[in-house]
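Below you'll find the structure, written out as structure tokens, and then a few comments.
The values are calculated or read from the model by the stated rules, or taken from the named source; none is laboratory data. In this text the structure is predicted, and so the values were computed from the model without any measurement. All Cβ positions, even for glycine, are placed from backbone atoms using ideal geometry, and neighbour counts span all protein chains on display. In case anyone asks, the SASA skips ligands and DNA or RNA and just uses the protein heavy atoms, side chains included. Shrake-Rupley method; radii C 1.70, N 1.55, O 1.52, S 1.80 Å.
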Amino acid sequence: MPQDFEERSSQGAGRGLFVTKKFDPGSFVFRSEEPFVAVLDSPILMRACSWCFLFVEESALDDNVTVSACKGCNIVKYCGKVCQTASWKHSHKYECKIFRALYPRVLPNTGRMILQILLRRKNGAIPEDDWNRSLKLQHHMDDLERGTREGNQFQQTNLQNIQLIAKASKEYAASAEDLGFIEFLVGRLVTNAMALTSALYTPIGLTLVLSASLLNHSCNPNSAIVYDGRKVSLHVSEKLEPDTELTISYINTTLSSKTRMSELWDRYHFTCRCSQCSQGLTLGHSIINPSIEPLSSISKMTSMEQEVSALIAEAKSRPTPKGLPQIVEAYQTISRYPEYPGWLSPLYQVRLDLIIALQANKKWVAAFLQSLILHFTVQPIVYPEEAHPTRVARDWVQARMAENIGGCADEPGFAEWLDAVEEGELARALASYFGLDWGLVVYTLVKDVNDQMLKSHGPGTRFGADVERDMLGMKKGARDTFGEPTEEEFEETRLLLRNVASQGWSWLKVWSKDRKSRQLLLTSGLSPAEEAFQKLME
């Protein structure tokens, strides 16, 4: 291990990672560690490279990027020959025939992970040191068995799933390992695997990174995992003194304290004693008002959370464009409680889902307005560090949104090509009302991401290359048109955007009603998504 951090005993949490020197926010404890195992989620297999994890829908470097299926199994895809060759040498040569025999059936991600581990171990492809380190990880099988005996349905289901995966994997891999041993391997995987995400923090798979698996949880973490293809880094989000334990969050920290405690116990078998949980606080209480009663203790709020969770689950069971009606209903359900803060889930998560669904339905201006609310009023509480990787990644999505909107506003041909003429009209109205220059808006947003990118994601990343490419385009465009903006112009644009975040959503509702009254919007024969949007504007 590098000298910057080391494994030690952690009070009440087994083993943990501790820094051995000072770290400033925006620095990295380790960079570019390869995963022990990583696979894509089944729905993502057709849309991403199974080696470098390039997610086609988020690739900005090459608008024509594609992935092609392995001709042997037709299950995994690659962005090119280099990735296909690397994957073959690493593990795919062992699993390809198995996948081909199962086609068109696709094993679940956990099954593919354990199968890959067993096959690589069987063929001597796992370094002995890595294998031994993996066997030291917690598996919690004893806790699952105890919970099953005590009638805990959640843990009983987990145990049964582990046993099924172990049995199937042993058979497919023709492994000589004892079935009980394989069950413990699956237990270690389930306990220690993390969500594999794109650079924009879209969940795309599962991964097990040996160093990162030693990181303990806090609902107020001091570091964050950053992915760059197969490379994994640990970003520091606050100042750390020597001997400080590194922590990440295993779950969504915007959940209420009661929900966080329940999820951590069910999934990871421990009671969190971090600064947030030990005081019974919900995220943001210590910032806004330490005396606020945790909202999870209010029965009407709990009922609302359950209703919203059911709607979101229904929305996510459908293709993104078709889930807008349920997300709108969830958003309006929460709106009945004006005291519910934007930085607390389910409102926080619903807003993220609403932005995605609006984008999928080409309601880019509405999505942009919600994104601005998130940027100015919510993200600073959820991620206080300005260069936090998640915060910067979401700001990049916002900048890309503004590029589309600006293009529709300024170039009618572009709007027609995107079948978004109405969005162009709306973007011009928004700019006129609030005094925006879309070119300067886009430049400002891209510049702000570029200024934080090295601290958030580090040098030499795919994400950084995307941002730098756009930044160079902004500079060239400025030179060819209005000239390089001054810092005063950038700051004035930020102030205008803050005003849009404050008043834009109310303006959009008025504009939409006026537009409808002018019969520019049909009132019958609307699609479910359009009806949902109308409801959102009421």
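Residues in the stretch 404-425 that are buried (at least 18 other Cβ atoms within 10 Å of the Cβ) and under 12 Å from residue 439 (Cα atoms): 404, 405, 406, 407, 408, 409.
Restricted to the stretch 121-174, the set of helices (runs of 4 or more DSSP H) holding at least 2 residues that are over 22 Å from residue 214 (Cβ atoms) and within 29 Å of the chain's Cα centre (by Cα) comprises 153-173.
So how many residues does the stretch 92-120 have that are outside any helix (DSSP H, G or I) and farther than 12 Å from residue 76 by Cβ?
Final tally of qualifying residues: 3.
Candidates are the residues of the stretch 1-43 that are of a type in the set (Ser, Thr, Tyr), in a loop (DSSP other than H, G, I, E, B) and modelled with pLDDT under 90; the one that is surrounded by the fewest Cβ atoms within 10 Å (Cβ to Cβ) is 32. Within the bounds of the stretch 126-138, is there any residue that is surrounded by 13 or more Cβ atoms within 10 Å (Cβ to Cβ) and at pLDDT below 90? The answer is yes; a qualifying residue exists.
Can residue 325 be described as surrounded by 20 or more Cβ atoms within 10 Å (Cβ to Cβ) and touching a strand residue (DSSP E or B) at 6+ places or on another chain (Cβ under 6 Å)? No, not satisfied.
Pick from 74, 64: which is over 23 Å from residue 213 (Cα atoms), surrounded by fewer than 17 Cβ atoms within 10 Å (Cβ to Cβ), at pLDDT 95 or above and not small (Gly, Ala, Ser)? Being over 23 Å from residue 213 (Cα atoms), surrounded by fewer than 17 Cβ atoms within 10 Å (Cβ to Cβ), at pLDDT 95 or above and not small (Gly, Ala, Ser) holds for just one of 74, 64, which is 74.
Of 82, 37, 56, all but one fail to be under 30 Å from residue 138 (Cα atoms) and of a type in the set (A, V, I, L, M); the exception is 37.
Going through 414, 463, 490 one at a time, which residue ends up being in contact with a Gly (Cβ under 7 Å, 6 or more places away or on another chain) and outside any loop (DSSP other than H, G, I, E, B)? Break it down stepwise before answering.
Values: 463 fails: in contact with a Gly (Cβ under 7 Å, 6 or more places away or on another chain); 490 fails: in contact with a Gly (Cβ under 7 Å, 6 or more places away or on another chain).
After applying the criteria, what remains is 414.
Assess whether residue 472 counts as being aliphatic (A, V, I, L, M) and assigned to a helix (DSSP H, G or I). The answer is yes for residue 472. Scanning the stretch 447-491 for residues that are under 31 Å from the mean Cα position of the chain (by Cα), more than 17 Å from residue 233 (Cα to Cα) and charged (D, E, K, R) yields 447, 448, 451, 466, 468, 469, 470, 475, 491.
Of the strands (runs of 3 or more DSSP E) contained entirely in the stretch 187-266, those carrying at least 1 residues that are hydroxyl-bearing (Ser, Thr, Tyr), over 24 Å from residue 157 (Cα atoms) and at pLDDT 90 or above fall at 194-197, 223-228, 231-236.
Would you check if there is a residue in the stretch 373-392 being within 17 Å of residue 508 (Cα to Cα), crowded, with 18+ Cβ neighbours inside 10 Å and touching a residue at least 12 places away in the same chain (Cβ under 8 Å)?
Start the filter on the stretch 373-392 by keeping residues that are within 17 Å of residue 508 (Cα to Cα), which leaves 373-374.
Now restrict to residues that are crowded, with 18+ Cβ neighbours inside 10 Å: 373-374.
Filter once more, keeping what is touching a residue at least 12 places away in the same chain (Cβ under 8 Å): 373-374.
Yes: one or more hits.
For residue 418, the criteria (1) modelled with pLDDT of 95 or more; (2) in contact with a Cys (Cβ under 7 Å, 6 or more places away or on another chain) hold in every case but one, which is (1).
Being charged (D, E, K, R), within 23 Å of residue 201 (Cβ to Cβ), open to solvent by less than 80 Å² (accessible area, probe 1.4 Å) and modelled with pLDDT under 95 is true for just one of 448, 466, 514. Which residue is that?
The conditions single out 466.
I need a count of the residues in the stretch 44-57 that are aliphatic (A, V, I, L, M) and crowded, with 17+ Cβ neighbours inside 10 Å. Number satisfying all stated conditions: 4. Just one residue in the set 409, 393, 402 is within 29 Å of the chain's Cα centre (by Cα), part of a helix (DSSP H, G or I), closer than 17 Å to residue 362 by Cα and not basic (Lys, Arg); that residue is 402. What are the residues in the stretch 89-107 that are of a type in the set (D, E, K, R) and surrounded by fewer than 18 Cβ atoms within 10 Å (Cβ to Cβ), if any? Scanning the stretch 89-107 gives 89, 93, 97, 100, 105. Residues that are free of Cβ contacts under 8 Å to residues at least 12 places away in the same chain and among the hydrophobic types (A, V, I, L, M, F, W, C) were ranked within the stretch 469-503; the one that is least open to solvent (accessible area, probe 1.4 Å) is 495.
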